[in-house]
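Contents: one structure, followed by commentary.
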Amino acid sequence: MIKYRLICDGEHEFDGWFAGSAAFDEQVEQGDIACPMCGSCNVTKALMAPSIVTSKSKRSSGGAGPVAGEEQVQMFMSKVRAHVEANFDYVGDQFADEARRIHYGEASAREIYGEATLEEAHDLVEEGVSVAPLPGMNKRKAN
């Protein structure tokens, strides 16, 4: 079986499973494949990134194939979190106030992290202050 990412002439993308490439071609020629969103039979293969198993990905997951997407995201976020903690100034619950002071030139420009409520973060974004949430950073750092 082979899975293709498909796209119709209405630019709707969807997945389809086929016995092989020839089976896909045959079904397209016969008009047997229709977009589930608009019903169009004008369907082609969309661009897809290949899933390639390398010796490095086998090693990182104990030889069972590539690391699952969720695990890769968690590993990436752990590295980002460690970088932030090692290189940015922790300002605790004063994050919104300090971010504003930096943005308006009232405090020295530097990278900071800390806590903010959703309302504070929304207000910062509305003011044009560049901020982003960092998943996993919701625990207060001990001083």
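Coordinate-derived values only; no laboratory data. The model shown is predicted, which means the values in this text are computed figures rather than measured ones. Please note: Cβ atoms are built from the backbone with ideal geometry, for glycine as well, and neighbour counts cover all protein chains shown.
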- Message: Can you classify the stretch 2-45 as rounded, prolate or oblate using the Cα gyration tensor, where a ≥ b ≥ c are the square roots of its eigenvalues, rounded means a/c under 1.5, and otherwise it's prolate if a/b beats b/c and oblate if not?
- Response: oblate
- Note on the structure: Here the gain from full extension of Gln30 to Asp89, 0.36 nm per residue of separation minus their alpha-carbon distance, amounts to 15.0 nm
- Note on the structure: Checking rank on 2-8, 95-101, 79-85, 39-45, with mean other Cβ inside 10 Å and highest first, the result is 95-101, 2-8, 39-45, 79-85
- Item | Calculated FRET value between Phe14 and Gln74, using beta carbons and R₀ = 22 Å, to 0.05 | 0.20
